[in-house]
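**Student:** This is the structure I want to talk about, given as C-alpha cells.
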Amino acid sequence: MITTNVVDVLSKSYDFVIVGGGTAGLALASRLSENPSITVAVLEAGDNTINDPMTSIPTPYARQLGNPKARGTSTINFLMWSLPPAVDVDAFEKLGNPGWNWDEFHRYSRKIEKFHPPTKEVADLFPHTYGGDRGSSGRLQTTLAPHVHTIDAILKETFANRGIKRLDDPYQGNVNGTWNASSTIDPKTWARSSSATAYLVPAQDRPNLTVLTQATVLRIAIAEHRDGDDLIATGVDFVHAGQTYFLGAQKEIVLSAGAVKDPQILEMSGIGRGDILSTIGIEPILELPGVGENLQDHNFVTVAYELDPAANHQTLDSLQNPEGAEVAAQLYAQGKGPLRNGLGFFSYLPLLDTRTPDALELATKIEKEIEDYKNTPGIAPGLREQLDIQLDTLRSKSSPELEFTCLPLLFSTTLKPEAGKTYMSLLAFHVHPLSRGTIHSKSNDPQDDPNIDPRYFEKDSDMDLLVQGIKYIRSIAETEPTKSAYVGKELEPGPKCISDEDIRDGLGTCSMLPREKQGVVDPNLKVYGTKNLRIADLSIVPLQIAAHTQATVYVIGEKASDIILAAHNLV
C-alpha cells in the first residue's frame, strides 16, 4: 500500500521500518516483503511520483533536480546504467569489508537488471556495443536509448584518433576507454525505469508492505540501556502533516535516507562524535567518530559549443521552445522521437592517457600531495589507507581519473540557447577527488537542515584535474572528425579563458576555499580581508553551478540567512 494517511501506518505493527523510499530503500522493502510473514513499513519524506510525466519521461534530463517533493535518485537522474571498475569495488574489501568485492558486486548487478539489446532502429543507425554478459531477468529495465547517434559516433571516432581505445563491454570491471552506456529505460513503453516502477509497483498491493509518503523521520528511539551494552532501536519519531508520531519496529530499523540525512538522524539520536553532539545540546549515548565524516563527491565542468548549422545534427535544443516540445510530446505518445533519449557517449581515462604536455607533471604533483596528506598530523588511519589505494590507482592506471560525456544541448546556468541554433556540451568529471568534506547537525532541531561542508578543492590537485579536463576537451574539439563535423565557437568557459589561471577563475569566481588555495570567501561566506561583506550566490560554488542550480541557490540562501542571524545574535 502507498498512502498519505498516517492511520494506515499506525494501525499496524511492523518487523522492519525503513527510513527513506529511494533507490535502495524500495529495493530493500520489496525484497523483504516477498516473504508474507514479514511486515515492512517505509517512511518517505517526498511525494508519490509514480506515473508523473515529469519523472517518467526520460528527456530532458534531471528536470526535477532541486524539487524537494521529488525524492529518490533513480527518478531524477540522467538514467545512465554503469558499473565501477573492479579495482574500485575490490578496494572496499581491502579497507576491511569482507565480501564487498567485484565478483559479488557483478553478480548482484546482473540480478538487478533486465537488459534489452538495442532495437533494429538503433542498430541500423549506429552499431552500439554492449557485451553479452548482462542481466536478463532482473526487475530494472535497461537498454540503449535510440538518440543522439550522430554526435556520439563522431566523438567516439575522435577519441580513437587521440589514442583512446574503444571498449566494447564496460560492464565486466574495466571502464577505461570510450563506450556507449545503457540507460534505465523500458523499451516497451520508453518510460524511465526506477526503483519505484521496478520494485515498488509490483509489490504495492502486498498486505505486509506499507509506504507512507510525506513522512520525515526525526530520530531513532533507543531502549534504556546500561553503559557498555549494545543499543537497541525500538522505533522512530517522524513528522507527518505537522504532527509528530512514533512508529515501532519489532526487529530492525534500516536507515536509507541518503548521505545527507543519515548522519543527521544518527546525531539527533545521540550517535556520533561526542564533541559535536554536546555542542548542539544532544546527550551522546554512542561515540561513533565517523558519523558525518569522509564526505566525497564528484565535481565536473562544462565546455559548451555552438554547432555549425550546416552540419544539421540532431540535438535536444528544439525542446526549449513550445513548438518543438509539443512535437516531441506527440511523437513520444507514438513511441517515437527525442524524449526517449538517454546519455550515450562516455570516455573514462587515467590521467596519463590524456597525453597532454603537462599530464606527467600533474601526476607527479598529485603523488606528492597524497604523500603530504598522508603525513598530516592527526589524520585518521582509515583515511591514510584510502589515500594509499588512491595512490596505487593513480600509478597503475587501473582506474580512471577523468570522465567525459556529451549532452546534445546547451548545458549552462549563465547562457540561454538562441532560437534556431544547436549546441553541444562536453562535460569533464573528476572521479577520484582527494578532498574530503563533512555533514553535521547544526542544532538539536532535527528539522533544521544540517551543515554541509564538502570542502571541494581543498586539495589543489582536484582543481588541477578539472583544468586538465577542460584542456583535453578543447583538444578534442580540434581533432578530426569533430573539428570538421560540427564544432563552431566555444561559448563556455569561452575564448578569454586561456591560461590555467584563467580557467580556474572561470570555474569559481568567488570560491569558498581556504584563502591560501585561492579562496574568496570563508565558510561563513565572509570575503577575506573584510568585516561586513559576504557573498551568497552561485559564484561561491566552483563547478556545481552547471547542475542542481535551483537547489544550490536555495541552500546557499537559507544557510546564509542562518549564518547572518547567528553572527548578529538574532536567532
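The values are calculated or read from the model by the stated rules, or taken from the named source; none is laboratory data. This structure is a prediction, so every number in the text was calculated from the model and none was measured. Every residue, glycine among them, receives a Cβ derived from its backbone with ideal geometry; neighbour counts consider all protein chains shown. For accessibility, only protein heavy atoms count, side chains too; no ligands or nucleic acids. Shrake-Rupley method; radii C 1.70, N 1.55, O 1.52, S 1.80 Å.
**Student:** Rg/Rh for the range 234-377: what does it come to with C-alpha atoms and Rh from Kirkwood?
**Tutor:** Numbers: Rg = 25.7 Å, Rh = 22.3 Å.
Across the range 234-377, the Cα-based Rg/Rh ratio is 1.15.
**Student:** Leaving out ligands, DNA and RNA, what percent of the accessible area of the range 128-168 is carbon and sulfur, probe 1.4 Å?
**Tutor:** The C+S portion of the solvent-accessible surface of the range 128-168 is 44 percent.
**Student:** Which shape class, rounded, prolate or oblate, goes with the range 94-191 when its Cα gyration tensor gives a ≥ b ≥ c as root eigenvalues, a/c under 1.5 marks rounded, and past that a/b bigger than b/c marks prolate?
**Tutor:** Details: a/c = 2.85, a/b = 1.25, b/c = 2.28.
Here the range 94-191 falls in the oblate category.
**Student:** When the accessible area of the range 235-321 is split by element with a 1.4 Å probe, what percent falls to carbon and sulfur? All intermediate terms of the calculation are to be shown ahead of the outcome.
**Tutor:** Working: 1970 of 4040 Å².
Its accessible area is 49 percent carbon and sulfur atoms.
**Student:** Still on this structure, I have one more. Could you state the accessible area per residue of the range 84-177 in Å², with a 1.4 Å probe and every protein chain left in place?
**Tutor:** Details: 4500 Å² over 94 residues.
Per residue, the range 84-177 has 48 Å² of solvent-accessible surface.
**Student:** Using +1 at the Cβ of each Lys and Arg and -1 at the Cβ of each Asp and Glu in the range 251-302, identify which of N294, Q264, I253 lies farthest towards the dipole's positive end.
**Tutor:** I253
**Student:** Sticking with this structure for a sec: Modelled label-to-label distance, T376 and L288, 7 Å Cα→beta-carbon offset: nm?
**Tutor:** Label at T376, label at L288, 2.3 nm between them.
**Student:** So if R0 is 22 Å, what FRET efficiency would L383 and S278 give, r being the distance between their Cβ atoms, rounded to the nearest 0.05?
**Tutor:** Details: r = 24 Å, r/R0 = 1.08.
Calculated value: 0.40.
**Student:** Next question, about the same structure. Distance from the Cα centre of the range 7-37 to that of the range 237-315, in angstrom?
**Tutor:** The range 7-37 and the range 237-315 have Cα centres spaced 20 Å from each other.
**Student:** Follow-up question, since we're still on this one. With a 1.4 Å probe and every protein chain kept in, tell me what percent of the accessible surface of the range 394-476 is carbon plus sulfur. Intermediate values should be presented prior to the final figure.
**Tutor:** Working: 1310 of 2800 Å².
C and S fraction of accessible area: 47 percent.
**Student:** Also: For the range 209-306, what does the accessible surface come to per residue with a 1.4 Å probe? Please give it in Å². Spell out each step's value before the answer.
**Tutor:** Values: 4710 Å² over 98 residues.
I get 48 Å² per residue for this part.
**Student:** What fraction of the Cα pairs in the range 365-449, stated in percent, has a spacing above 18 angstrom?
**Tutor:** 65
**Student:** How much length is gained on full extension from I112 to A259, taking 0.36 nm per residue of separation minus their Cα-Cα distance? It would help to have the intermediate numbers written out before the result.
**Tutor:** Numbers: separation 147, 0.36 × 147 = 52.92 nm, distance 2.22 nm.
Fully extending the segment from I112 to A259 adds 50.7 nm.
**Student:** Let me ask something else. In whole Å, largest first, what are the principal axis extents of the Cα atoms in the range 184-274?
**Tutor:** Principal-axis extents of the Cα atoms in the range 184-274, largest first: 57, 30, 29 Å.
**Student:** Let me ask you something else. Which trypsin sites (Lys or Arg not before Pro) does the range 394-443 hold that lie in a coil by DSSP with at most 16 other beta carbons within 10 Å? Spell out each step's value before the answer.
**Tutor:** Working: sites: R395, K397, K421, R436, K442; in loops: K397, K421, R436, K442.
Sparse-neighbourhood loop trypsin sites (Lys or Arg not before Pro): K397, K421.
**Student:** Taking the simple approach of a point 7 Å from Cα along Cα-to-Cβ for both E326 and L415, what is their distance in nm?
**Tutor:** 2.9
**Student:** Further, regarding this structure: Between S484 and D358, how high is the FRET efficiency from 1/(1 + (r/R0)^6) when r is the Cβ-Cβ distance and R₀ = 35 Å? Nearest 0.05.
**Tutor:** 0.80
**Student:** Pull out the extension gain between Q334 and E224, defined as 0.36 nm times the separation in residues minus the alpha carbon to alpha carbon distance; nm, one decimal. Before the final figure, lay out the partial values.
**Tutor:** On the way: separation 110, 0.36 × 110 = 39.60 nm, distance 6.04 nm.
Length gained, Q334 through E224: 33.6 nm.
**Student:** Now, a different point. For labels at L95 and S11 in the simple 7 Å Cα→Cβ model, what's the distance in nm?
**Tutor:** 4.5
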